[in-house]
Amino acid sequence: MREPHGKALDRVRVVHRHAWLWEPLEGDPTFLLRPMFGTRAAYLDGRMVFCFAAKTEPWRGVLVCTDRPHHDALLAEFSDLKPHPILPKWLYLPESADKFEPSAVRLVRLAARRDPRIGITPQPKRRRSAAAKARQP
């Protein structure tokens with residue numbers, strides 16, 4: 001029996017506009033892609049390397065997860081990178097940048113080659129105390 005037309009549309013999967021950027025990393029056995037605050041966070045070897053954002057500025061492009069000591073070197077190499085206006089600890093390549101595609105591809109290649117300038121070790125998640133769990137409805 002065929003489903004009503006509306007039901008079939010419920011199963012349509014929207015493809016993230018930047019999926020083509022993380023696809024080259026998918027063959028890496030350590031690659032993980034997780035949702036994070038409306039973005040897709042990419043991990044290699046347990047290190048967060050990118051957040052792919054597809055909303056409105058300043059959340060439309062690629063956030064490069066990096067430590068501040070590496071900012072100057074990356075900014076010198078990628079003219080369209082800049083500190084993110086809300087998360088300045090990370091660098092941002094806006095989708096509107098003139099060289100977005102070639103710069104994004106180069107950044108992904110650097111991450112795949114394990115460039116030490118790209119990637120951060122995320123803080124471990126805090127475990128909730130028994131008292132906090134008991135307070136929750």
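The values are calculated or read from the model by the stated rules, or taken from the named source; none is laboratory data. Bear in mind that the values here come from a model prediction, so they are computed numbers and not experimental data. So basically every Cβ, Gly included, is an ideal-geometry build from the backbone, and we count neighbours across all protein chains shown.
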Of 58, 69, the only residue that is modelled with pLDDT of 95 or more and within 26 Å of residue 32 (Cβ to Cβ) is 69
Taking region 84-106 and keeping residues out of contact with any strand residue (DSSP E or B) (no Cβ under 6 Å at 6 or more places or on another chain) and not β-branched (Val, Ile, Thr) leaves 85, 87, 88, 89, 96, 97, 98, 99, 100, 101, 102, 106
